[in-house]
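Structure record follows, encoded as structure tokens.
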Amino acid sequence: MSVRTIPVSVPDNKRGRKLRRRAWVLAAASSVLALRIWVLEPVTVQSDSMSPTIASGSIVFLVKPGPWLQEPRHGDVVVFTSTVDGSRVVKRVVAAQNQSVEIQDAVLYIDGIPQDEPYVDLESMDGTYSPLTLVPSGQVFVMGDNRERSIDSRDYGPLPVEDMDGIIIGVQ
């Protein structure tokens, strides 16, 4: 006498395929929504303070803070909410905590060392000075690449790291 085995899988019928397809669509939509809520967010740049690196009206992607996000470093482009008008602001980190910042004749000095900033038009800023500032612990000094048109840490001081919404990806 032979023993017959009964298949355990769901029969490949129209209803089964439809249910599997719906489950995959639901899983994909949930993943995209979770990614958007907790990790990655599109942001529209609303000013020309980061020009020519990021033009006004451009859409950039913000990586939100979390265990995957390290402390911001020199050169990172960050987003935060303005304390003046509540708008989202995009600026570049030029100095981290415990560093000194100074601008002499349009050249940025960090800890007394002149910085190479190919994205800044030094000729449009000729004669610009900013006093020596020490960045406190837990804060960063941010500036726009379009230094002539940027309202930044030179105006309102260093930015607390916890006030940042995240770091923009894909910007050099």
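Quick notes
- When Pro131 is tested against (1) more than 20 Å from the chain's Cα centre (by Cα); (2) farther than 20 Å from Ala55 by Cα; (3) at pLDDT below 90; (4) not in a loop (DSSP other than H, G, I, E, B), exactly one condition is not met: (3).
- Residues in the stretch 96-128 that are loosely packed, with under 13 Cβ neighbours inside 10 Å, of a type outside the set (D, E, K, R) and outside any strand (DSSP E or B): Asn98, Gly112, Pro118, Ser124, Gly127.
- Scanning the stretch 68-83 turns up at least one residue that is touching a helix residue (DSSP H, G or I) at 6+ places or on another chain (Cβ under 8 Å) and closer than 14 Å to Gly144 by Cα.
- Looking only at residues of the stretch 134-172 that are of a type in the set (A, V, I, L, M), at pLDDT 95 or above and farther than 16 Å from Ser82 by Cβ, we find that the one that is surrounded by the most Cβ atoms within 10 Å (Cβ to Cβ) is Val135.
The values are calculated or read from the model by the stated rules, or taken from the named source; none is laboratory data. It should be emphasised that the depicted structure is a prediction, and the values quoted were computed from it without experimental measurement. Counting neighbours? That spans all protein chains shown, and the Cβs are built from the backbone with ideal geometry, glycine included.
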